[in-house]
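Presented below is the structure to which this report refers.
What follows draws every value from the coordinates through simple rules; no lab data is involved. Quantities reported herein were computed from a predicted structural model and do not represent experimental measurements.
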Amino acid sequence: MAHRSAQALGEIIRQQRELAEMSMRRVAIGARIVRMNYQQIITIEPGNPVLKARIEDIARLRAGRAPTLPTNIAAELAANPFLRVEEPAIQAAVGMAGAAPAAVFGELRARKDRF
């Protein structure tokens, strides 16, 4: 029994290390998409301080003609509700509390298309 517990703990630690490593991976998408996405996203989560800081950072970088990309997965997870559709706060923000994540993503996408 103790051997299984040690194995399970070892697996959990391995998974946590992989997630931490992955969260620092850099990603890049089109700069126009970044600006447009964040303008729409703030309407979904106007109280998200990480999102507000990211928008300010993007504005500052663009004003100085500096690139806004790449970013990393951790930053996107904290600021981008498209990546957190399973969270109750995101679901509630679009009037879909308890809905399937795919449906919430679809609603976010539909709102983006109408923005």
For the stretch 45-59, in residue order, the Karplus 3J(HN,Hα) values (coefficients 6.51, -1.76, 1.60; θ = phi - 60°; whole Hz; Gly and Pro = x) are 10, x, x, 7, x, 5, 5, 4, 5, 5, 4, 5, 5, 4, 4
Rounded to the nearest whole number, the per residue volume of the convex hull around the C-alpha atoms of the stretch 51-101 in Å³ is 75 Å³
Under the Karplus relation with 6.51, -1.76 and 1.60 and θ = phi - 60°, whole-Hz ³J(HN,Hα) for the stretch 108-115, x at Gly and Pro, equal 4, 5, 4, 5, 4, 5, 8, 5
